[in-house]
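The structure appears right after this line, and notes come after that.
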Amino acid sequence: MRILVTGGTSGLGKAIVEELSSEFEVFFTYHRNSEVAKELEKVTNTTSIQYNMSDTSSVESLCNWIVENEPDILVNNALTGFVQKHAYKISGEEHHNAFEENIASTITLTNRFIKKARKRKSGRIINVLSSYIIGKPPVGMSQYVAQKNYLLSLNKSWAIENIAFGITSNAISPSIMKTNLTKDTDERIFEQLVENSPMKRLIEPKEVSEVISFIIKATPFLNGQNIVLNHGENLI
């Protein structure tokens with residue numbers, strides 16, 4: 001079984017690659033971390049692919065790779081970043097650019113994956129979201145939360161429109177982790193989160209990757225769902 005993971009050289013993406021490579025043939029993308037990518041290839045059953053979500057030619061190149069290599073599973077994990085400030089301070093242009101990089105590129109890849117998967121009548125899509133989309137969004141995270149909510153809606157549509165072709169689409173929404181994505185977060189915020197947590201700790205990337213492994217192996221009756229990993233803070 002072939003798996004394509006976007007954004008696989010740091011944080012959660014790296015944990016996903018390491019977890020899945022013990023059982024499957026894994027291909028993962030990287031943007032600038034070529035050294036990490038090569039090290040991962042040495043110790044895991046993986047192959048790296050250079051990919052820039054902000055470059056339309058790079059997106060098309062990865063789409064062509066999907067057509068030629070036909071991965072069985074697509075894990076949409078990559079994110080170029082986001083503007084962290086109050087919603088009213090984010091310009092329309094900033095929203096547009098972030099949408100093109102993070103969402104439009106993901107849609108393009110997923111559509112190409114679906115076209116090939118429909119022909120063989122099998123495939124699984126897994127979308128990495130965030131528990132921030134549940135309940136009240138954190139202050140200053142509007143762009144990030146909006147993008148993840150857009151993917152949540154697509155997750156449902158992909159699931160409903162393609163299950164007759166043997167294709168499932170599920171999402172996973174973990175609470176905040178200590179990764180490169182959150183490297184600029186004030187340490188005091190992490191300390192407060194740990195203090196308020198009933199488990200007195202943050203979730204680890206490996207724990208999230210284990211749930212992704214579960215989704216891959218699960219019955220296709222698991223479809224269109226968003227599995228929230230936030231120790232029951234928000235129940236839906």
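The values are calculated or read from the model by the stated rules, or taken from the named source; none is laboratory data. This is a predicted model, so every value here is computed, not measured. Because the Cβ atoms are built from the backbone with ideal geometry, glycine has one as well, and the counts that use them run over all protein chains shown.
Of all the listed residues (83, 59, 17), the sole one being over 13 Å from the mean Cα position of the chain (by Cα), touching a residue at least 24 places away in the same chain (Cβ under 8 Å) and part of a helix (DSSP H, G or I) is 59. The set of residues in the stretch 29-44 that are surrounded by fewer than 18 Cβ atoms within 10 Å (Cβ to Cβ) and in a helix (DSSP H, G or I) comprises 34, 35, 36, 38, 39, 41, 42, 43. Of everything in the stretch 135-168 that is of a type in the set (Ser, Thr, Tyr) and free of Cβ contacts under 8 Å to residues at least 60 places away in the same chain, the residue that is surrounded by the fewest Cβ atoms within 10 Å (Cβ to Cβ) is 153.
State all residues of the stretch 120-174 that are touching a Lys or Arg at 6+ places or on another chain (Cβ under 6 Å), part of a loop (DSSP other than H, G, I, E, B) and either among the polar types (S, T, N, Q) or at pLDDT below 95 (or both); if no residue qualifies, say none.
130, 140
Within the stretch 86-113, the residues that satisfy the criterion of being surrounded by fewer than 18 Cβ atoms within 10 Å (Cβ to Cβ), assigned to a helix (DSSP H, G or I) and of a type in the set (S, T, N, Q) are 97, 108, 111. Do we find that residue 117 is part of a helix (DSSP H, G or I) and either over 17 Å from residue 62 (Cβ atoms) or modelled with pLDDT under 95 (or both) in this structure? So residue 117 does not fit the description; no.
For the stretch 1-18, the set of residues classified as buried (at least 21 other Cβ atoms within 10 Å of the Cβ) and not small (Gly, Ala, Ser) consists of 3, 4, 5, 6, 9, 12, 14, 16, 17, listed by residue number.
When the stretch 175-208 is examined, which residues are found to be part of a helix (DSSP H, G or I) and either modelled with pLDDT under 70 or among the hydrophobic types (A, V, I, L, M, F, W, C) (or both)? Result: 180, 181, 182, 189, 190, 193, 194, 208.
Checking 56, 47 one by one, the residue that is surrounded by 14 or more Cβ atoms within 10 Å (Cβ to Cβ) and among the β-branched types (Val, Ile, Thr) is 47 and no other. Among the residues of the stretch 98-144, the one identified as polar (S, T, N, Q) and more than 19 Å from the chain's Cα centre (by Cα) is 122.
Residue check: residue 8 meets all listed conditions (1) outside any loop (DSSP other than H, G, I, E, B); (2) in contact with a strand residue (DSSP E or B) (Cβ under 7 Å, 6 or more places away or on another chain) but one, namely (1).
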